Amino acid sequence: MKRLKSHTNKVTTIAFLALLLLCFLSSNRSYSQDDPISEFEKTLSTLISSKPIQYASIDSIIRDHTRDSIKMKRLISVSKANNYLEGESYALNALGVIYRNVSYYEQSISTHEDAKTVADEANNTELKIVSLNNIGVAYRRMDLVKPALDFHSKALDIARSVENPSETISYNIAVSQNSIGNIYLILEQYELASKQFQKSLVIEKKSGNRLGLAINYQNIGYAYEAQGDLENALRNYKLSLEYNEQIDSNLGRVICYNSIGQVYIKQRKYTDAKVIIEKALEKALQIGDQFYIASSFINLGWTQKEMGELNASEKNLKRGLEVAKQYNLNLSIVEADKRLSELYNETGNYQLAYTHYKESVDIEKTINNDRNLRYVNDVIIQYENEAKNKEIKALASENQIVKSKLERNKKIFWYSMLALAIIVGVLVSLYRNRQLQQEKQILTLEQDMLRSQMNPHFIFNSLNSIKLYIINNEKENAVYYLNKFSKLIRKILVASTEKENSLEDELETMKLYMNIENIRFSNEIDFEIIVDDVINTANIKVPSLVLQPFLENALWHGLSSKKEGKKTIELHVYRTKEDSVTISITDNGIGRVEADKINRDKLLKRKSVGIAITKARLTNFSKSYTNDYNISIEDLYDDQQKAIGTKVIVDIPTRSSILQTA
């Protein structure tokens, strides 16, 4: 074991020196410009001359250079020389992130601790919080839960104590909450973890931080995956990948590719999983992040095992395990050992299967022992309690203000209630008055309708015709028409008490009416009612006696002045729309133009108000239906444009708006 550790340290040292050499060479290339002062030196000069203390202000100037370790070391040196503590702390944090991203966690932690010391000296709250959170992230990457939580907790404590937090502090609150969510994941408290990530997500959305959104969607996906909800997990992983694509983060792509690949494995989509995990491995090798190099090798080996490619699987799992041990990545060691144990169990090599299984269990115990879990749980509970206590104190301080407002609001409330009662009373009064007016209007229309139907001339002429039959000793005709007349009068009187009746009754009444009127025309009018088979007249409601004015017009304006030829009236009931019934009344009379001429020449003009009343009644009737009524009149002509009659078309609605709402 000592020899292996020594070898590991040598490899780490060589890799670290190689990284510094690479950064130095790239730095030299960037500085080899024709201008005596490099672009970065100009930026540095601008920063030092203004010496901003806000993190966001420093970041806006230096952000494009933070991935270059040589430039950050140059910034540290210049900041020290100019006693610019904020610039020095910012550069130390940026350098620590560079070390973390290439898996030099100890150097990363040490550099962030230096950044925290300088931030304390400068008394800069933002940089303190940033430094503490960066230390916590490095410890989390090393799977050291306890110190990670300690530093994130300190960062969150300081951030919450700030009354008017800046965007940087709000963002770091989101980072701390995200980390606490990750701790909940370790405790397998997935719903609690999701709540923390959702809190963090709100802050990230508000600030428009796409990196933060990518991280939180990734973590929410992991919580869903751990609970077996693979579809929601995949949806959130893909959302995270979208944001990583937008910010062009190779590290983010590696994380998302691996997560999506794991879901595909669980869905048994092994080919898809292999393709995307190979992409993850390629990107991880490019950026040199050993944590995700190890994860990618392990996931690739797992996929190959499921596909039956056992030799390739063993090779990649061993490579993942080797990298994980080299960089002390305990969770990756556990994962690699478990997959190797499963592999050797399938190939019948039970001794190796047991060895790897035992190693995974032993290391897992060191990560998740009861003492650590209790500690983490206690700290989280303490945090939540402190947050609640702060909320209680804030509420208590507002209580007095609320009390005074409450007294004032009580008076406003009662005055408002009184005003509201008066307004409601007025509205009810107006509504009732309007209702009464409508009822009066309807009653007036019904009375007018009854007067129209009970026209004295019609009654007198009908009785006169019956009397003529009696005088001429035509007893059968007299009795027949007297019966018809009595039935019609009875129907008219019954209809006057009802706003509507069935179309079936209406057609029967119109038949009686035409029979009586036909007496006066010596029975020479051929009246026919046609009802399409699809129409059920018993189920259709229409206003009482709504068709009589149209038939009366057809008789007295269309046919009464026709001197020769057959006289016909056809009443046709059919449908053109689902929510209405169409009734057409067609006569072969002289037409409206000739009828108007004759009417103008008469000394005693016949005043017809039936159509106007009918329209008003149809308007009231249609209020309870989904659509309105429609009346149209067509003048009929032959090929020589000679008038050959009139056609009235009435569309009556049939679908009730009350039934539709219900």
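The values are calculated or read from the model by the stated rules, or taken from the named source; none is laboratory data. For clarity, every value in this text was computed on a predicted model and none was experimentally measured. With ideal geometry, Cβ positions are generated from the backbone for all residues, glycine too; neighbour counts draw on all protein chains shown.
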field: Residue ID - modelled with the highest pLDDT, chosen from residues in the range 135-165 that are part of a helix (DSSP H, G or I) and among the polar types (S, T, N, Q)
entry: SER161
message: Condition first: assigned by TED's automatic domain parsing to the domain that holds PRO653, part of a helix (DSSP H, G or I), closer than 30 Å to ASP579 by Cβ and in contact with a helix residue (DSSP H, G or I) (Cβ under 8 Å, 6 or more places away or on another chain). Can you find one or more residues in the range 476-499 that meet it?
response: no
query: In the range 91-134, which residues are in contact (Cβ under 8 Å) with a residue 60 or more places away in the chain and either crowded, with 24+ Cβ neighbours inside 10 Å or not in a helix (DSSP H, G or I) (or both)?
result: VAL102, SER103, TYR104, ASN124, GLU126, LEU127, VAL130
- request: Would you check if TYR184 is crowded, with 18+ Cβ neighbours inside 10 Å, within 31 Å of the chain's Cα centre (by Cα) and either of a type in the set (Asp, Glu) or part of a helix (DSSP H, G or I) (or both)?
  value: yes
task: Using the structure shown, decide if LYS80 is surrounded by fewer than 21 Cβ atoms within 10 Å (Cβ to Cβ), touching an Asp or Glu at 6+ places or on another chain (Cβ under 9 Å) and within 21 Å of LYS128 (Cα to Cα).
output: yes
message: Taking the criterion of being outside any helix (DSSP H, G or I) and modelled with pLDDT of 85 or more, would at least one residue in the range 200-207 satisfy it?
response: no
statement: Only one of (1) in contact (Cβ under 8 Å) with a residue 24 or more places away in the chain; (2) of a type in the set (Lys, Arg); (3) farther than 28 Å from TYR99 by Cβ does not apply to LYS283, and that is (3)
statement: Matching residues in the range 516-557 (surrounded by fewer than 19 Cβ atoms within 10 Å (Cβ to Cβ), out of contact with any Leu (no Cβ under 8 Å at 6 or more places or on another chain) and more than 23 Å from PHE621 (Cα to Cα)) number 9
task: Mind listing whichever residues of the range 511-550 are assigned to a helix (DSSP H, G or I), more than 55 Å from the chain's Cα centre (by Cα) and modelled with pLDDT of 90 or more?
output: LYS511
